[in-house]
């Protein structure tokens with residue numbers, strides 16, 4: 001009898017990771033989903049939100065809507081056990097109802113810094129029961145950051161302005177945004193650092209900001225074209241427009257800092273390799 005008990009206890013220990021892996025998970029937020037794939041936890045995913053577009057496989061997963069406007073019905077239809085969320089996930093009323101329905105909410109959070117990126121990876125790894133993969137990913141991310149160097153030929157940091165063209169009027173990114181943090185990591189200056197968050201782009205603002213280069217998303221550039229960027233009111237009088245200096249980065253890499261941030265910094269620096277004041 002004692003031998004049987006020990007045998008069953010051994011089986012429980014042996015297969016407990018597999019049992020935990022059967023949890024049905026919905027990942028909310030492009031960076032969170034990217035980390036899930038980085039840790040090879042996609043087999044647990046039953047759905048993601050519409051901002052989850054990287055890697056390409058993530059864009060083909062069932063969608064439960066946009067992270068800020070989730071619906072109870074949409075999420076419950078996927079019968080999840082766990083919802084990985086970010087501080088931007090909402091509405092709060094929907095999250096409360098999902099929690100009441102028995103769904104476990106796991107918040108993935110961290111500031112826009114190297115440490116914040118590492119923190120998010122560690123949190124996702126714990127939620128997926130993939131701590132070993134998480135430790136390896138963290139080591140690789142830290143190694144990538146340690147290899148970065150600010151370009152030595154810059155006599156002063158370039159003044160960069162991130163312009164977001166989505167729907168409606170173009171917006172620029174000030175303090176407290178992911179582009180602001182990215183620029184500083186790259187050794188550059190955010191030309192709009194005197195404002196907080198995202199603000200509507202105006203000719204008056206451009207006159208005061210005088211950026212050396214304009215940074216946009218690759219997706220926005222592909223959709224609108226460079227000509228539409230340079231035709232924005234007030235942009236023609238800036239150093240960036242006179243030099244036609246336009247930098248593009250993948251939307252997910254510039255709008256949210258994640259595992260690929262070192263690559264984003266390298267791309268930013270490389271696209272500005274010929275810049276001189």
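Derivation of every value follows stated rules applied to the coordinates shown; laboratory data play no part. In this text the structure is predicted, and so the values were computed from the model without any measurement. Because the Cβ atoms are built from the backbone with ideal geometry, glycine has one as well, and the counts that use them run over all protein chains shown.
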(message) In segment 36-61, whose amide N lies under 19 Å from the spot 7 Å out along Cα-to-Cβ of residue 101? List them in ranges.
(response) 45-51
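Kindly give the semi-axes, whole Å and largest first, of the ellipsoid equivalent to the chain, taking each as the square root of 5 times a Cα gyration tensor eigenvalue. Walk me through the numbers before you get to the answer.
Details: eigenvalues 346, 96, 38 Å².
Result for the chain: semi-axes of 42, 22, 14 Å.
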(request) Would you kindly state how much longer the chain becomes between residue 126 and residue 109 on full extension, computed as 0.36 nm times their sequence separation minus their alpha carbon distance, in nm to one decimal? (result) 4.8 nm
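Quick check on segment 235-275: what are the equivalent-ellipsoid semi-axes from the Cα gyration tensor, as sqrt(5λ), descending, whole Å?
Numbers: eigenvalues 111, 30, 6 Å².
They are 24, 12, 6 Å, listed from largest to smallest.
Listed highest first by mean packing, meaning other Cβ atoms within 10 Å per residue, what order do 243-252, 56-65 come in?
Values: 243-252: 18.5, 56-65: 15.0.
Output ranking for 243-252, 56-65: 243-252, 56-65.
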(message) Taking only Cα atoms of segment 176-277, what ratio of Rg to Rh do you get with Rh as the Kirkwood inverse-distance radius?
(response) 0.93
(message) If the elastic network links every pair of Cα atoms under 10 Å, which of 162, 145, 183 fluctuates the most in the Gaussian network model of the chain?
(response) 145
(request) Please figure out what share of the DSSP beta bridges in the chain is antiparallel and state it in percent, rounded to the nearest 5. (result) 20 percent
(message) Output the 0 to 90 degree angle, nearest 10, between the alpha-carbon long axis of helix 114-127 and the longest principal axis computed from the alpha carbons of the chain.
(response) 20 degrees
(request) Can you tell me how much longer the chain between residue 202 and residue 77 gets when fully stretched, taken as 0.36 nm per residue apart minus their C-alpha distance, in nm with one decimal? (result) 40.6 nm
(message) Could you work out the pair-distance distribution P(r) of segment 59-166 from its alpha-carbon pairs, with 10 angstrom bin width and percents rounded to whole numbers?
(response) 12, 30, 30, 19, 7, 2
(message) Can you tell me the orientation of helix 261-271 relative to the chain, as the angle in degrees between its alpha-carbon axis and the longest Cα principal axis, to the nearest 10?
(response) 20 degrees
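Defining a contact as two alpha carbons under 8 Å apart and six or more residues distant in sequence, what relative contact order in percent does segment 158-277 show?
On the way: 196 pairs, mean separation 33.3, N = 120.
Once divided by the residue count of segment 158-277, the mean separation gives 28 percent.
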(request) Measure nothing fancy, just the Cα-based angle from helix 131-146's long axis to the longest principal axis of the chain, in degrees from 0 to 90, nearest 10. (result) 20 degrees
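May I ask you to derive the relative contact order of the chain, considering only C-alpha pairs under 8 Å and at least 6 residues apart, and to give it as an integer percent? Walk me through the intermediate numbers first.
Working: 442 pairs, mean separation 41.2, N = 277.
RCO, the chain: 15 percent.
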(request) Divide the volume of the convex hull of the Cα atoms of segment 109-243 by its number of residues and quote the answer in cubic angstrom per residue. (result) 136 Å³
(message) Quick check on packing: order 83-95, 29-41, 196-208 by the mean number of other C-beta atoms within 10 Å, highest mean leading.
(response) 29-41, 83-95, 196-208
